[in-house]
1. Can you spot the lysines whose alpha carbon is less than 19 Å from LYS363's alpha carbon? Ignore those fewer than 8 places along the same chain.
2. Thinking of the range 316-410 as a set of Cα atoms, what percent of all their pairs are more than 15 Å apart?
3. Given H placed 1.01 Å from N in the peptide plane, which residues other than close sequence neighbours of TYR55 have an amide H under 5 Å from its amide H?
4. Between GLU306 and THR331, what's the calculated FRET efficiency when r is the beta-carbon distance and R0 is 60 Å? Round to 0.05.
5. Could you run the Karplus curve 6.51 cos²θ - 1.76 cosθ + 1.60 with θ = phi - 60° over the range 133-139 and give me ³J(HN,Hα) per residue in whole Hz, x for Gly and Pro?
6. For a quick check: with amide H placed at 1.01 Å from N, whose amide H comes under 5 Å from THR286's, ignoring anything fewer than 5 positions away on the same chain?
7. Extent of the range 1-79 along each principal axis, from alpha carbon coordinates, in Å, largest to smallest?
8. Share of antiparallel DSSP beta bridges in the chain, in percent to the nearest 5?
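Taken together, the values in this text are just the output of simple stated rules run on the coordinates, not laboratory data. Nothing here was measured: the structure is a model prediction, and the numbers come from that model. Cβ sites come from the backbone with ideal geometry, for glycine too, and all protein chains shown count toward neighbours.
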Amino acid sequence: MLPEETPVWQAIEAVLKSTMESYGYNELRLPLVEKTELFKRSIGEVTDIVEKEMYTFNDRNDESLTLRPEATAGVVRAGISNGLLHNQKQKLWTTGPMFRYEKPQKGRYRQFHQFDVEALGYEGPDIDAEMIIMSARIWRALGIDGLELQVNSLGTPESRADYKAKLLEYFSQHEDQLDEDSKNRLHRNPMRILDSKNPAMADLVANAPQITDYLDEESRQHFATLKKHLDAAGIAYTVNPRLVRGLDYYSRTVFEWLTDQLGAQGAVCSGGRYDGLVAQMGGKPTPAIGWAIGLERLVALCQQLETVPQIERPHVYMVLAGEGAESAGFTLAEQLRTEFGTLRVEMNCGGGSFKSQFKKADKSGAGWALVLGEEELAAGQVSIKPLRGNGEQQTVAQTDLVSVLRTLITN
């Protein structure tokens, strides 16, 4: 990511982080490398991620390690290892690069970035609703319209086992229509066939039994209450019984925010419950839910919709002429930063004529140039030249500079 791109990322990340603060979620930072077994146990061995996409290698002790392909497993591992889940509830977020070996395309890269949010220890549908409502607030803050929310319930492992048996029976009757990937999944995890992107199987998948017909009563009530909360909050959604998500650890609520603005890569934010994962990884049974945003896709979407948050530019650019003015310019710039507090000051370093310095000042995006030459220095003054709009240049005493700049910037 080049310097002209990173301000866009920073502006979007600032919205994400401020949203987390407003909901009481705390940051957790995770390692990039984990033991391979962690992801096999959590994500599931019969998944594309584990079977095809992980970057896995043996270290010098011949221990198998993997570059993290997603964040949830690491969050759970960190919670168990550090006692964060012992008689406690946690609302956490983390962000950073993930790694999957797959075909690069627009919005999908082998090293990509996620913003990941997890709530551990909460079992009711109210936290599911908060998670979804919180993500909707992010779209509003970024000025993004037109996203479609799809929700579904996967039930409990017990009810899902009944459903898998029905799927196995159904797909076995049509095994001649399955592609090779689906045949491999048929007896290991037939629900994964519902994820197939093969258009030749679209009708077959569309006519498969629906998981919502096999939910246990508790899951049915959980899902109904979630929908009631979303309705009350004015969050529009579609129930998609084919939404099963690509990771084995999900249970009950799953959801995705989709866009049609980025071609084939439609999911911007995906998540769901994983109530059995903590126990599966050696901790005490702990209900949990989380979601992740693909940051490359979110940045691309903001750029596509021209809703990129305003990028912070320098307030002022110091144009300095003469050796004495250059030395004094550093002192003045530091005084301004200290006294003003939030003032963004860019110094001209490397010399140059007035003309070349003003070109740099204009390119910086600053609103004003502060001009300090030998004459201004001797008189204890500085000139303020507007770089945007039709204002007039003025010369003020250096002792009045802070108050004058406050007036200019706030107006």
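1. Within reach: LYS355, LYS385.
2. Tail of the P(r) past 15 Å holds 56 percent of the pairs.
3. Counting only residues 5 or more places away or on other chains, the set is LEU67, TYR101.
4. 0.90
5. With coefficients 6.51, -1.76 and 1.60, one gets 5, 5, 5, 5, 5, 4, 4 Hz.
6. Those lying under 5 Å, H to H, from THR286 are VAL278, ALA279.
7. For the range 1-79, the Cα spread along each principal axis is 41, 32, 26 Å.
8. 80
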